Amino acid sequence: MTERFSPKVIPLVDLRAGSHPLPAASLVPASRMPATGRVSDTLGRHLRDLRISVTDRCNFRCGYCMPKEVFDKDYAYLPHSALLSFEEIVRIAQQFVNHGVQKIRLTGGEPLLRKNIEVLVEKLAALRTTEGSPLDLTLTTNGALLARKARALKAAGLHRVTVSLDGLDDTVFRAMNDVDFPVADVLDGIHAAQEAGLGPIKVNMVVKRGTNDQEIIPMARHFKGSGIVLRFIEYMDVGATNGWRMDDVMPSAEVIQRLQTELPLVALEPSSPGETAQRWGYADGFGAHDQLAGEIGVISSVTQAFCGDCNRARISTEGQLYLCLFASQGYDLRSLVRGKATDEDLASAIGHIWSERTDRYSALRSTMPADTGAGARRVEMSYIGG
């Protein structure tokens, strides 16, 4: 199926929020907020999940994240000196763990492009939660380099991976990654991750109506019974470079309806608080969940907001703290770790920032006026990860 024509306007400007960070340092002189292992925002949401972008570079040019029209050969990526070092990342991560974070996900860009990423994994794997348990340490990747990296990542202490894969048809997949990368190489990477023990593996498919929605059922059939959890993600209005239109969104309810025509499903309970995906199990002949067949998930950030129990914070490649995937501004933690701030100063700043958090963009989306491009621009997904 060919992609329907839809005009899109892509602003050719630098939308990384590093040019307008809020100074976290301004919070240090305020009343101290020591880390107690539990911090809540203004809506009572506890901080539990930290996502860390380790690079702003990627070897794919998916239109919904890093369209080639913007991220071309002349695009100015961040200099290495602007990136947080591994030691700086670990220092920041430790303070988030002290505030109650139990899960860390490494993202990008494409995180496997960061040189010696296994060294960072090993350092983060050594951290312990406030209860003394190992962190749930994960990584999201496009899978292009996974076949050669899987064993080393597992040996360094990575628990599992999530792989982005938007279709099994090679023509569709090559068109969506826009660098002519073959789907077979990603499937080889997924297999290598399984062999290395990086599981349970999740595969994320962004569904864009008229582009790859014909891949929904083939993807489900392929991964059914494999032990891999396939998740369908609604095409989101993240950032300002992907030309997002509501017409391109296929609601998760429609995805489930399409699957049910050939693969009967049964609704499952959430596996953990703050889980973004709604879980559906493949049904057996009696209408019960067939455990061997496995499950799928749908992430409905456009049509069914999950802001109410969102427990995630995000650190950009250059050390900006973001409280929402749809944020337009971050907090500059890098200035603290490269300045004279103590660990207690850093912990206090993080605590104050989270405790004052009010973000719930997805829940308010339907009440907002149309985006004319005149307001504050949202940060790009390629800058803070998904």
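The values are calculated or read from the model by the stated rules, or taken from the named source; none is laboratory data. Because the structure is a prediction, the values reported are computed rather than measured. Please note: Cβ atoms are built from the backbone with ideal geometry, for glycine as well, and neighbour counts cover all protein chains shown.
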Legend entry - Cross-chain or 6+ apart pairs with Cβ under 8 Å, the range 300-311 first and among the hydroxyl-bearing types (Ser, Thr, Tyr), then crowded, with 17+ Cβ neighbours inside 10 Å and in a helix (DSSP H, G or I): 300/252; 301/362; 303/252
Inset, instruction - Please enumerate the residues belonging to the range 250-284 that are of a type in the set (A, V, I, L, M, F, W, C) and within 19 Å of the chain's Cα centre (by Cα). - result: 277
Inset, instruction - Please work out if residue 324 is under 18 Å from the mean Cα position of the chain (by Cα) and without any contact (Cβ under 8 Å) to a residue 40 or more places away in the chain. - result: yes
Inset, instruction - Only residues in the range 96-124 that are crowded, with 19+ Cβ neighbours inside 10 Å count as the first member; pair them with residues that are β-branched (Val, Ile, Thr) and in a helix (DSSP H, G or I), Cβ under 7 angstrom, at least 6 apart or cross-chain, and list the lot. - result: 96/350; 99/350; 111/117; 120/89; 124/90
Inset, instruction - Among residues belonging to the range 328-352 that are under 19 Å from residue 54 (Cβ atoms) and not in a helix (DSSP H, G or I), point out the one that is modelled with the lowest pLDDT. - result: 330
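Residues are listed down the side, and each one gets a yes or a no for (1) among the β-branched types (Val, Ile, Thr); (2) modelled with pLDDT of 95 or more:
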| site | (1), (2) |
| --- | --- |
| 19 | no, no |
| 23 | no, no |
| 31 | no, no |
| 44 | no, yes |
| 55 | yes, yes |
| 67 | no, no |
| 98 | no, yes |
Inset, instruction - Return yes or no: is residue 355 modelled with pLDDT of 95 or more and either under 20 Å from the mean Cα position of the chain (by Cα) or small (Gly, Ala, Ser) (or both)? - result: yes
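Here is a yes/no grid of residues against (1) in a strand (DSSP E or B); (2) closer than 26 Å to residue 132 by Cα:
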| position | (1), (2) |
| --- | --- |
| 33 | no, yes |
| 38 | no, yes |
| 42 | no, no |
| 51 | yes, yes |
| 63 | no, no |
| 67 | no, no |
| 72 | no, no |
| 89 | no, yes |
| 101 | no, yes |
Legend entry - Selected residue [assigned to a loop (DSSP other than H, G, I, E, B), modelled with pLDDT of 95 or more and within 26 Å of residue 339 (Cα to Cα)] from 124, 120, 106, 84: 84
Inset, instruction - Could you please let me know if residue 119 is of a type in the set (A, V, I, L, M) and over 19 Å from residue 108 (Cα atoms)? - result: no
Inset, instruction - Run residue 52 past the list (1) surrounded by fewer than 22 Cβ atoms within 10 Å (Cβ to Cβ); (2) closer than 29 Å to residue 354 by Cα and report the number of the one that doesn't hold. - result: (1)
Inset, instruction - Can you give me the number of residues within the range 294-318 that are farther than 25 Å from residue 257 by Cα, in contact with a helix residue (DSSP H, G or I) (Cβ under 9 Å, 6 or more places away or on another chain) and surrounded by 17 or more Cβ atoms within 10 Å (Cβ to Cβ)? - result: 7
